[in-house]
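Report on one structure; see the data block that follows.
Here, each number is a calculation from the coordinates, and none is a lab measurement. All values derive from a computational prediction rather than experimental measurement. Virtual Cβ from ideal backbone geometry, glycine too; neighbours counted across all protein chains shown.
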Amino acid sequence: MSLEKAILHKKERRRPYRGAKAVDKSCRNHGDCRYCMAGRMYASTKRLASAKEKISEYQSERADFLCRSEVR
């Protein structure tokens, strides 16, 4: 059934967008809005920051170890 036919026969059950989604289409699901994207990507961002911190910590420990081994 096409959309026009469904609307004509009152079979269309889509609900209108509300709030920010009604104003800006980039705020809808999988949108490009920075605020919405930050909310969606919160866990991934935290994991990435943690991984970067662990890498830098590893590199500093490794550099300290190499410096100590050269002194001996």
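Annotation: lysines with alpha-carbon distance below 29 angstrom to Lys25 (same-chain offsets under eight excluded): Lys5, Lys10, Lys11, Lys46. Each helix, a run of at least 4 DSSP H residues, gives -39500 (n - 2.57); summed and divided by the residues of the chain, these come to -20000 deg cm²/dmol at 222 nm.
The charge dipole of the chain, taken about the Cα centre with unit charges on the Cβ atoms of Lys, Arg (+1) and Asp, Glu (-1), comes to about 760 debye, rounded to the nearest 20.
Charge tally for Asn29 (other residues, Cβ to Cβ under 10 Å; Lys, Arg +1; Asp, Glu -1): +3. For the chain, the spread of Cα positions along the three principal axes, ordered from largest to smallest, is 87, 25, 13 Å. The angle separating the long axis of helix 42-71 from the principal Cα axis of greatest extent in the chain is about 10 degrees.
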